[in-house]
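The values are calculated or read from the model by the stated rules, or taken from the named source; none is laboratory data. Because the structure is a prediction, the values reported are computed rather than measured. Cβ atoms come from the backbone with ideal geometry, glycine included; neighbour counts cover every protein chain shown. Accessible surface is based on the protein model in full, side chains and every heavy atom, while ligands, DNA and RNA are left aside. Shrake-Rupley method; radii C 1.70, N 1.55, O 1.52, S 1.80 Å.
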Number of protein chains: 2
Amino acid sequence: MNSRFTIAVHILTVLAHKHDEPLKSDVVANSINTNPVVVRRLWSALAKAGLIVSRTGATGGGKLAREASMITLLDVYNAVEARCVFAMHANPPNKRCLIGKNIQLVLEDIFAEAQREMEKVLARKTIADVAAAIMKNCR
Amino acid sequence: MNSRFTIAVHILTVLAHKHDEPLKSDVVANSINTNPVVVRRLWSALAKAGLIVSRTGATGGGKLAREASMITLLDVYNAVEARCVFAMHANPPNKRCLIGKNIQLVLEDIFAEAQREMEKVLARKTIADVAAAIMKNCR
DNA sequence: TGGATTTGTAACTATTTTAGTTACAAATTG
DNA sequence: CAATTTGTAACTAAAATAGTTACAAATCCA
């Protein structure tokens, strides 16, 4: 898997920490140790999902669209990650073989169930929880 | 994610279907629509995990090491896939930032919990279940 | 109004991962 | 000893990934 989900959670946690004023992609990128464009690219996805609002211009920047306690990690996952965690065959299996013909349907069901259980955990955690755990750690 | 897990399950399901005799990597690769070397590379991992036995030589091939009903998909997953489904930051975040310094520890916990729930589903399914579902489909 | 600032996005690059392939030594059979 | 098959190294092509440069469009404020 890529780190888009992790970076997106990081972005939102930084925005949650300074929830009053809009932050520049520059500042957020500094915490992540990456390029501002990487941050702005994820802002696109997060804005489309309604998790942040961002404005261009001199006093622009990004801001949470709602309270951190109302943004679950599943919201974030769905916003930035389209794929299932399990990858099917790179090339379709042999349709002339009984197993090759039917295995993908069977695996799709199992993979979907595993993914659902994984997503349930993400749905129980919010950006506020992440921020709180970080504050607790640093005490 | 890559398709190693999917291909490994496919391999074991083919071996389960003809469980009496050892099958050549050639035959298994044909069902998957790939190269025999791809199959043999996964056999290494599966053999190390004790899921299959394979023999070289004229009448050689691969064979399940135990009954298909005693091989869970979690056994297979652990045999071929080392990584967590979630990837941490590609480059470490900024340690001088409160959030950058602590977020990985917090996310590791959450990711581990999500992975555990996902693995529980895999632990409930066996290669025999997969084979049975395929037979049911083709009826 | 006009200059300064910041987002949004396209285009490019370097690195890594992935799957597939060729080649061949080692093991096994008969 | 000839035929066969695994095990593995080495290479290739394609795709994914993260990072970078560049710049138009939007916004603010003096």
Query raised in the report: So for A:M118, A:M1, A:M70, what's the accessible-area order with a 1.4 Å probe, most first?
Result: A:M70, A:M1, A:M118
Query raised in the report: Can you give the accessible area of A:K125, probe radius 1.4 Å, in Å² rounded to 10?
Result: 50 Å²
Report summary line: Rounded to the nearest 10, the angle in degrees between the Cα long axis of helix B:127-138 and the longest principal axis of the Cα atoms of chain B comes to 70 degrees
Query raised in the report: Which angle from 0 to 90°, rounded to the nearest 10, does the C-alpha axis of helix A:4-17 make with the longest principal axis of chain A?
Result: 30 degrees
Query raised in the report: Pairing the Cα long axis of helix A:36-48 with the longest principal axis of chain A, what angle in degrees results, from 0 to 90 and rounded to the nearest 10?
Result: 70 degrees
Report task. Name the aspartates and glutamates eligible as straight-distance cross-link partners of B:K125: C-alpha to C-alpha under 18 Å, and not fewer than 8 places from it in the same chain. Result -> A:E108, A:D109, A:E113, A:E117, B:E67, B:D75, B:E81, B:E117
Query raised in the report: So which lysines pass the test for B:K120, namely a Cα distance under 18 Å, with those fewer than 8 places away in the same chain ruled out?
Result: A:K120
Report summary line: Residues of region A:59-101 that bury at least 40 Å² of accessible area, probe 1.4 Å, when all protein chains are present rather than the chain alone, are A:V85, A:F86, A:A87, A:H89, A:N94, A:L98, A:I99
Report summary line: So, in nm and shortest first, the distances from A:M135 to its counterparts in the other copies, with label points 7 Å along Cα→Cβ, work out as 5.9
Report task. Can you send over the carbon and sulfur percentage of the accessible area for the protein assembly as shown, probe radius 1.4 Å, protein chains only? Result -> 51 percent
Query raised in the report: What does the helix-only formula give at 222 nm for the protein assembly as shown: each DSSP H stretch with n ≥ 4 adding -39500 (n - 2.57), the total divided by the residues, and the result rounded to the nearest 500 deg cm²/dmol?
Result: -19000 deg cm²/dmol
Query raised in the report: To the nearest whole number, what is the average tally of beta carbon atoms from other chains within 10 Å of the beta carbons of peptide B:115-126?
Result: 5
Report summary line: Heads up, chain A by the C-alpha gyration tensor (a ≥ b ≥ c square roots of eigenvalues; a/c under 1.5 rounded, else a/b over b/c prolate, else oblate) looks prolate
Query - Unit charges at the beta carbon, dipole of region A:4-138: most positive-side option, A:A65, A:P92, A:I110 - result: A:P92
Query - Summed buried accessible area for B+A [probe radius 1.4 Å, Å², rounded to 100] - result: 4500 Å²
**Report entry** Copies compared at B:D26 - label distances in nm, ascending, label defined 7 Å from Cα in the Cβ direction
**Finding:** 6.6
Query - GNM flexibility winner over chain A from A:A112, A:A68, A:A123 (Cα, springs under 10 Å) - result: A:A112
Query raised in the report: With the other protein chains left in place, how much accessible area per residue, in square angstrom, belongs to region B:23-97 at a 1.4 angstrom probe?
Result: 55 Å²
